[in-house]
Amino acid sequence: MRDQTDAPSASRAGAGPDVAPAPSRGGAGARAGAGAGVSAGPVAVAGVRHSRPRALGEHRLWPRSFADRLTTPLPGLRAFARLAREGAFRPGPEGLRGIPDLPYAPAPLPAVPTGAVSVTWAGHASWILRIGGLTVLTDPVWSRRILGTPARMTPVGVRWEELPPVDAVVISHNHYDHLDAPTLKRLPRATPLFVPAGLARWCRRRGFTRVTELDWWESAELGGVRFEFVPAHHWSKRSLLDACRTLWGGWMLSAAASGAGATKKVYFAGDTGYGHWFGEIGRRHPGIDLALLPIGAYAPRWWLRDVHADPEEAVQACLDLGAIRMAPMHWGTFVLSSEPVMEPLERVQAAWTRTGLPREHLWDLPVGASRAL
């Protein structure tokens, strides 16, 4: 997300993401996989064409910038001036009164039978995903606070000491609330990391030895699970001078099939605005079992529309994907924007009801809770 945590700029404190006038959703960003190191020829899988898996841990060369993948321009001085003038960085006192009502129900991790899929929400965009016999962490942030934000509103849902051995980590992009160096430091340096193009150098400088960086629509395989990096409507930045130097996106995890119809697919969106990529992801990956989609950090809308989906857009994204189930995330943990803290949950529940889809297919979990396919 273009969170206020991206960079230490005071003008963005608390506002989070990027924003700018919303141009067309196509443009240069539609050139998926246009960067260096694009996979070789496609291979047909279940009637859909996929790139051949890349070798794990490749050292690759990338363009200096991925700005051509942006689906909207980054905001200019006028937008920052308006944000500062409006002062819409945090919810008002009324919006913060909902903090005691934020759902938090930590529980022991359930046993996962062979061939099953289980997800546990640790908070924000951090999930403990068990699929194909692997335990995978998504955007792990176990820190109490991140740069530029108040401390967590809800504690981490699973204590670090209670985690099973971590087989892999996926990172969606390099913003501080998704790429947390203190949390990664807790991992063994031989832990396989799957990261966006351009981010392996950052990881290797910190001692990680098994880092696989991918472009959009590229994949790699570990232990019978396929990890494919897919596009998102977002951006990247970690310091004042590195905007869009690394790529951003989501991850499609697929368990190796053990028989006809046995493949399980979980889509982790990372951080993204609403746009055309969801339909394309759904076309390339029919039959998604579960979509982990962001629903928070969306106000003020003029500032965040292009990089953070609101709850109604997240539900529409689930429909575009053709996913059977949706699990909301990216809300109720850090104060990143100005909407009332309980509003994302209330709005996503109402939007889901309006679709007429089965209520049990909306996995609106409390922080710390689990659900299994």
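The values are calculated or read from the model by the stated rules, or taken from the named source; none is laboratory data. Just so it is clear, the structure is predicted and the values come from calculations on it, not from any experiment. Calculation scope for accessible area: heavy atoms of the full protein, side chains included, ligands and nucleic acids excluded. Shrake-Rupley method; radii C 1.70, N 1.55, O 1.52, S 1.80 Å.
What the table below lists for this structure:
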| quantity | calculated |
| --- | --- |
| DSSP bridge pairs, segment 111-268: antiparallel proportion in percent, nearest 5 | 75 |
| With DNA, RNA and ligands ignored, accessible area of residue 251 (1.4 Å probe; Å², nearest 10) | 0 |
| Antiparallel %, DSSP beta bridges [both residues in segment 109-179], to 5 | 75 |
| Cα pair distances of segment 188-319 binned at 10 Å [whole percent] | 12, 37, 35, 15, 1, 0 |
| Residue order for 239, 337 - accessible surface, 1.4 angstrom probe, largest first | 239, 337 |
| Residues whose placed amide H lies under 5 Å from that of residue 158, excluding near-sequence neighbours | none |
| Antiparallel bridges, percent of DSSP beta bridges restricted to segment 193-306 (to nearest 5) | 70 |
| Length-normalised contact order for segment 247-328 - Cα pairs under 8 Å, 6+ apart - percent | 31 |
| Accessible area expressed per residue, segment 170-283, with surrounding protein chains retained (probe 1.4 Å, Å²) | 30 |
| Debye intensity ratio in log₁₀ form over the Cα atoms of segment 46-201, taken at each q of 0.16, 0.19 Å⁻¹ | -1.15, -1.33 |
| Projected-area mean, segment 241-373, by convex hull of Cα positions, square nanometres | 9.6 |
| Solvent-accessible ranking of 185, 264, largest area first, probe 1.4 Å | 185, 264 |
| Between segment 120-160 and segment 212-266, the alpha-carbon center distance in angstrom | 18 |
| Set of aspartates and glutamates with alpha-carbon distance to residue 237 below 18 Å, sequence-local pairs under 8 removed | 3, 6, 18, 68, 139, 177, 180, 213, 215, 271, 306 |
